[in-house]
Amino acid sequence: MATTTQASVRVPNYTDAMVARLVGEYTSTPTRATVDALANEMGKNPRSIIAKLVREGVYQAQERTTKSGAPIVRKAELVAEISSLTGASVDSLVKASKADLERLVAALNAVVPSVS
C-alpha cells in the first residue's frame, strides 16, 4: 500500500502589508493601547502582536512600575547607593530586606551632605 505525502505550504501569520501597518502605527505611538487596538483590528491576541513587533525590532517594553506607580528599584541598586554614600564595600547588604535598605538609604541621605 503506497502512501502519498503532500507538500505543506506554509501560510504566513502576517502578510507584508500587515507587518508594514503594525510597524508604522506602533513606531508613531509606541504604547500598549496601540498594541491592543491593532490586535482587535487584525483579529490577533496582543501577545502575538508584541512578538511580531519584537521580531521586527521595533517593540519598546514598557517601564515596569510598582502598584503605586513608582519605578522598580532593585536591592542591588540600593546597596550600590549605600556603598557610594559610605565609601565602603557593603555587598553583603543585598541579603537584607528591601524595606531595611530603603530606610538605611533615607537615613544616610539625611546625614551625609549631598555631593551634587
(request) Specify the angular offset, from 0 to 90 degrees and rounded to the nearest 10, of the alpha carbon long axis of helix 16-28 from the longest principal axis of the alpha carbons in the chain. (result) 20 degrees
(request) Give the span of the chain's Cα atoms along each principal axis, as three whole-Å numbers ordered largest to smallest. (result) 82, 44, 23
(request) Could you work out which residue, out of Leu53, Leu22, Leu104, moves most in a Gaussian network model of the chain, that is, has the largest mean-square fluctuation with Cα springs under 10 Å? (result) Leu104
(message) Give me Rg/Rg_expected for the stretch 16-56, where Rg uses Cα atoms only and Rg_expected = 2.2 N^0.38 Å with N residues.
(response) 0.97
(message) If the only charges are +1 at each Lys and Arg Cβ and -1 at each Asp and Glu Cβ, what is the size of the charge dipole of the chain around the Cα centre, to the nearest 20 debye?
(response) 340 debye
(message) For a quick check: sort Lys98, Lys67 by the number of other beta carbons within 10 angstrom, fewest at the front.
(response) Lys67, Lys98
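Per 0.36 nm of contour for each residue apart, how much would the distance between Ala76 and Glu102 grow if the chain were fully extended, relative to their Cα-Cα spacing?
That pair, Ala76 and Glu102, stretches by 8.2 nm at full extension.
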(message) Rg/Rh for the stretch 64-116 to two decimals, with Rh computed the Kirkwood way over all alpha-carbon pairs.
(response) 0.99
(request) Please identify every one of the GluC sites (Glu not before Pro) in the stretch 59-109 that sits in a loop by DSSP and has no more than 15 other beta carbons within 10 Å of its own beta carbon. (result) Glu63
(request) About the Cα centre of the stretch 64-116, how large is the charge dipole given +1 on each Lys and Arg Cβ and -1 on each Asp and Glu Cβ? Please answer in debye to the nearest 20. (result) 260 debye
(message) Nearest 10 degrees is fine. How inclined is helix 75-86 to the longest principal axis of the chain, computing both from alpha carbons?
(response) 30 degrees
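None of the figures in this text is laboratory data; all of them are computed from the coordinates on show. The shown structure was predicted, so the numbers you read here are calculated from the model rather than taken from an experiment. Ideal geometry is used to build each Cβ from the backbone, glycine not excepted, and the neighbour counts take in all protein chains shown.
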